[in-house]
1. Given the convex hull over the Cα atoms of segment 111-155, what projected area results after averaging over all orientations, in nm²?
2. With axes computed from alpha carbons, what is the tilt in degrees of helix 64-74 against the longest principal axis of the chain, rounded to the nearest 10 within 0 to 90?
3. For the chain, find the longest principal axis of its Cα atoms and tell me its angle to the long axis of helix 2-57, 0 to 90°, nearest 10.
4. Is the chain best put as rounded, prolate or oblate by its Cα gyration tensor, with a ≥ b ≥ c the root eigenvalues, rounded for a/c under 1.5, and otherwise prolate when a/b is larger than b/c, oblate when not?
5. Once the convex hull of the C-alpha atoms of segment 1-90 is built, how many Å³ does it hold per residue, rounded to a whole number?
6. Add -39500 (n - 2.57) for each DSSP H run of 4 or more in the chain, then divide by its residues: what number comes out at 222 nm, to the nearest 500 deg cm²/dmol?
7. Can you tell me what percent of all Cα-Cα pairs in segment 133-181 are more than 12 Å apart?
8. Output the 0 to 90 degree angle, nearest 10, between the alpha-carbon long axis of helix 87-180 and the longest principal axis computed from the alpha carbons of the chain.
Amino acid sequence: RDYLREIKAQPKIVEKNARESKQRFDSLKAEILKPLEEAQAGQDKDLAALNEVPTICGQPDITSERLNEVIEWVEPFDINEVWPELKRKFKVAHENALTTARVTLERVEEAEAKEAELQELRRKQEEAERIERERKIREEAERKAREEAEAKAQKEREDVERRAVEAKQREEAAKQAEAKA
(Lines give C-alpha, C1' and ligand atoms only; values in the text may rest on other atoms or scores of the structure.)
Protein backbone atom coordinates (compact mmCIF):
# COMPACT_ATOMS: atom_id res chain seq x y z
CA ARG A 1 0.00 0.00 0.00
CA ASP A 2 2.80 2.37 0.84
CA TYR A 3 4.39 1.58 -2.48
CA LEU A 4 1.09 2.20 -4.26
CA ARG A 5 0.75 5.58 -2.50
CA GLU A 6 4.26 6.52 -3.56
CA ILE A 7 3.52 5.54 -7.17
CA LYS A 8 0.26 7.58 -7.14
CA ALA A 9 2.05 10.59 -5.61
CA GLN A 10 4.76 10.66 -8.29
CA PRO A 11 2.51 11.93 -11.15
CA LYS A 12 1.39 14.83 -8.95
CA ILE A 13 5.00 15.75 -8.24
CA VAL A 14 5.86 15.47 -11.95
CA GLU A 15 2.81 17.60 -12.90
CA LYS A 16 3.79 20.20 -10.30
CA ASN A 17 7.36 20.27 -11.69
CA ALA A 18 5.99 20.51 -15.23
CA ARG A 19 3.73 23.46 -14.31
CA GLU A 20 6.59 25.26 -12.56
CA SER A 21 8.93 24.58 -15.47
CA LYS A 22 6.33 25.75 -18.00
CA GLN A 23 5.81 28.97 -16.06
CA ARG A 24 9.58 29.53 -15.82
CA PHE A 25 10.03 28.87 -19.53
CA ASP A 26 7.07 31.07 -20.46
CA SER A 27 8.43 33.98 -18.41
CA LEU A 28 11.93 33.38 -19.85
CA LYS A 29 10.46 33.27 -23.39
CA ALA A 30 8.51 36.48 -22.76
CA GLU A 31 11.64 38.15 -21.38
CA ILE A 32 13.76 37.02 -24.34
CA LEU A 33 11.13 37.92 -26.97
CA LYS A 34 10.21 41.28 -25.40
CA PRO A 35 12.71 43.36 -27.47
CA LEU A 36 11.64 41.49 -30.61
CA GLU A 37 7.96 42.11 -29.94
CA GLU A 38 8.63 45.77 -29.18
CA ALA A 39 10.51 46.10 -32.46
CA GLN A 40 7.77 44.27 -34.32
CA ALA A 41 5.00 46.44 -32.82
CA GLY A 42 5.63 49.18 -35.41
CA GLN A 43 5.38 46.71 -38.28
CA ASP A 44 2.27 45.15 -36.76
CA LYS A 45 0.76 48.63 -36.59
CA ASP A 46 1.54 49.20 -40.30
CA LEU A 47 0.12 45.79 -41.18
CA ALA A 48 -3.05 46.55 -39.23
CA ALA A 49 -3.33 49.90 -41.04
CA LEU A 50 -2.95 48.18 -44.42
CA ASN A 51 -5.59 45.62 -43.46
CA GLU A 52 -7.88 48.48 -42.39
CA VAL A 53 -7.87 50.08 -45.88
CA PRO A 54 -10.63 47.82 -47.31
CA THR A 55 -12.82 48.73 -44.34
CA ILE A 56 -12.18 52.43 -44.97
CA CYS A 57 -13.01 51.96 -48.65
CA GLY A 58 -16.26 50.23 -47.72
CA GLN A 59 -17.65 53.25 -45.88
CA PRO A 60 -20.74 54.64 -47.60
CA ASP A 61 -19.72 58.30 -47.21
CA ILE A 62 -16.13 57.94 -48.48
CA THR A 63 -14.95 60.73 -50.80
CA SER A 64 -12.47 60.65 -53.65
CA GLU A 65 -10.31 63.11 -51.74
CA ARG A 66 -10.02 60.73 -48.79
CA LEU A 67 -9.33 57.79 -51.13
CA ASN A 68 -6.56 59.74 -52.84
CA GLU A 69 -5.00 60.34 -49.41
CA VAL A 70 -5.20 56.61 -48.66
CA ILE A 71 -3.62 55.72 -52.01
CA GLU A 72 -0.87 58.30 -51.46
CA TRP A 73 -0.11 56.63 -48.11
CA VAL A 74 -0.27 53.04 -49.44
CA GLU A 75 1.60 53.41 -52.76
CA PRO A 76 5.03 54.45 -51.47
CA PHE A 77 5.00 51.78 -48.75
CA ASP A 78 8.32 49.92 -49.10
CA ILE A 79 7.97 46.19 -48.51
CA ASN A 80 11.77 45.78 -48.42
CA GLU A 81 11.81 47.54 -45.04
CA VAL A 82 9.67 44.77 -43.57
CA TRP A 83 11.18 41.81 -41.80
CA PRO A 84 11.56 38.75 -44.03
CA GLU A 85 9.16 36.74 -41.86
CA LEU A 86 6.39 39.28 -42.48
CA LYS A 87 7.05 40.09 -46.14
CA ARG A 88 4.39 37.72 -47.49
CA LYS A 89 1.71 39.13 -45.17
CA PHE A 90 2.73 42.69 -45.99
CA LYS A 91 2.79 42.03 -49.72
CA VAL A 92 -0.71 40.53 -49.68
CA ALA A 93 -2.05 43.31 -47.44
CA HIS A 94 -0.36 46.01 -49.57
CA GLU A 95 -1.70 44.65 -52.87
CA ASN A 96 -5.16 44.16 -51.41
CA ALA A 97 -5.22 47.67 -49.94
CA LEU A 98 -3.95 49.29 -53.12
CA THR A 99 -6.31 47.39 -55.41
CA THR A 100 -9.32 48.02 -53.19
CA ALA A 101 -8.51 51.71 -52.87
CA ARG A 102 -8.05 52.18 -56.62
CA VAL A 103 -11.24 50.30 -57.54
CA THR A 104 -13.19 52.20 -54.91
CA LEU A 105 -11.69 55.48 -56.13
CA GLU A 106 -12.88 54.76 -59.68
CA ARG A 107 -16.36 53.92 -58.41
CA VAL A 108 -16.54 56.99 -56.15
CA GLU A 109 -15.22 59.34 -58.85
CA GLU A 110 -17.84 57.98 -61.25
CA ALA A 111 -20.57 58.51 -58.65
CA GLU A 112 -19.30 62.01 -57.88
CA ALA A 113 -19.23 62.84 -61.60
CA LYS A 114 -22.81 61.61 -61.98
CA GLU A 115 -23.86 63.63 -58.95
CA ALA A 116 -22.16 66.75 -60.33
CA GLU A 117 -23.85 66.18 -63.68
CA LEU A 118 -27.23 65.78 -61.96
CA GLN A 119 -26.68 68.97 -60.00
CA GLU A 120 -25.74 70.80 -63.19
CA LEU A 121 -28.88 69.46 -64.91
CA ARG A 122 -31.01 70.49 -61.93
CA ARG A 123 -29.43 73.94 -61.97
CA LYS A 124 -30.09 74.29 -65.71
CA GLN A 125 -33.67 73.06 -65.29
CA GLU A 126 -34.27 75.53 -62.46
CA GLU A 127 -32.77 78.31 -64.61
CA ALA A 128 -35.02 77.33 -67.54
CA GLU A 129 -38.06 77.23 -65.26
CA ARG A 130 -37.15 80.65 -63.84
CA ILE A 131 -36.76 82.09 -67.34
CA GLU A 132 -40.08 80.52 -68.39
CA ARG A 133 -41.82 82.01 -65.32
CA GLU A 134 -40.32 85.42 -66.05
CA ARG A 135 -41.40 85.14 -69.70
CA LYS A 136 -44.96 84.23 -68.68
CA ILE A 137 -45.06 87.11 -66.21
CA ARG A 138 -43.75 89.48 -68.90
CA GLU A 139 -46.31 88.19 -71.45
CA GLU A 140 -49.10 88.53 -68.90
CA ALA A 141 -48.00 92.09 -68.12
CA GLU A 142 -47.84 92.90 -71.85
CA ARG A 143 -51.27 91.36 -72.40
CA LYS A 144 -52.73 93.38 -69.52
CA ALA A 145 -51.08 96.53 -70.85
CA ARG A 146 -52.55 95.86 -74.34
CA GLU A 147 -55.98 95.19 -72.88
CA GLU A 148 -55.79 98.38 -70.81
CA ALA A 149 -54.59 100.34 -73.86
CA GLU A 150 -57.40 98.84 -75.98
CA ALA A 151 -59.93 99.56 -73.25
CA LYS A 152 -58.65 103.14 -72.98
CA ALA A 153 -58.73 103.55 -76.78
CA GLN A 154 -62.24 102.07 -76.88
CA LYS A 155 -63.36 104.44 -74.13
CA GLU A 156 -61.83 107.40 -75.98
CA ARG A 157 -63.58 106.32 -79.21
CA GLU A 158 -66.86 105.97 -77.35
CA ASP A 159 -66.29 109.39 -75.76
CA VAL A 160 -65.54 110.89 -79.19
CA GLU A 161 -68.65 109.20 -80.68
CA ARG A 162 -70.78 110.34 -77.74
CA ARG A 163 -69.51 113.89 -78.08
CA ALA A 164 -70.15 113.74 -81.82
CA VAL A 165 -73.69 112.45 -81.18
CA GLU A 166 -74.23 115.14 -78.54
CA ALA A 167 -72.87 117.79 -80.92
CA LYS A 168 -75.24 116.52 -83.65
CA GLN A 169 -78.11 116.54 -81.21
CA ARG A 170 -77.25 120.09 -80.20
CA GLU A 171 -77.05 121.11 -83.83
CA GLU A 172 -80.39 119.49 -84.58
CA ALA A 173 -81.85 121.04 -81.46
CA ALA A 174 -80.41 124.38 -82.56
CA LYS A 175 -81.85 123.89 -86.10
CA GLN A 176 -85.23 122.90 -84.65
CA ALA A 177 -85.14 125.89 -82.33
CA GLU A 178 -84.20 128.13 -85.28
CA ALA A 179 -86.91 126.56 -87.39
CA LYS A 180 -89.42 127.17 -84.62
CA ALA A 181 -88.22 130.69 -84.19
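The values are calculated or read from the model by the stated rules, or taken from the named source; none is laboratory data. From a predicted model like this one, the values you see are computed outputs, not experimental measurements. Please note that ligands, DNA and RNA were not included when accessible areas were found on the heavy atoms of the full protein model with its side chains. Shrake-Rupley method; radii C 1.70, N 1.55, O 1.52, S 1.80 Å.
1. Working: hull surface 9.3 nm².
Over all viewing directions, segment 111-155 projects a mean Cα-hull area of 2.3 nm².
2. For helix 64-74, the angle is close to 20 degrees.
3. Tilt of helix 2-57: around 30 degrees.
4. On the way: a/c = 10.14, a/b = 4.68, b/c = 2.17.
Prolate, since a/c reaches 1.5 and a/b exceeds b/c.
5. Working: hull volume 14.5 nm³, N = 90.
Output value, Cα hull per residue: 161 Å³.
6. On the way: 3 runs with 161 residues, N = 181.
Result for the chain, helices only: -33500 deg cm²/dmol.
7. Working: 835 of 1176 pairs.
Within segment 133-181, distances greater than 12 Å cover 71 percent of Cα pairs.
8. Relative to the chain, helix 87-180 is tipped by roughly 10 degrees.
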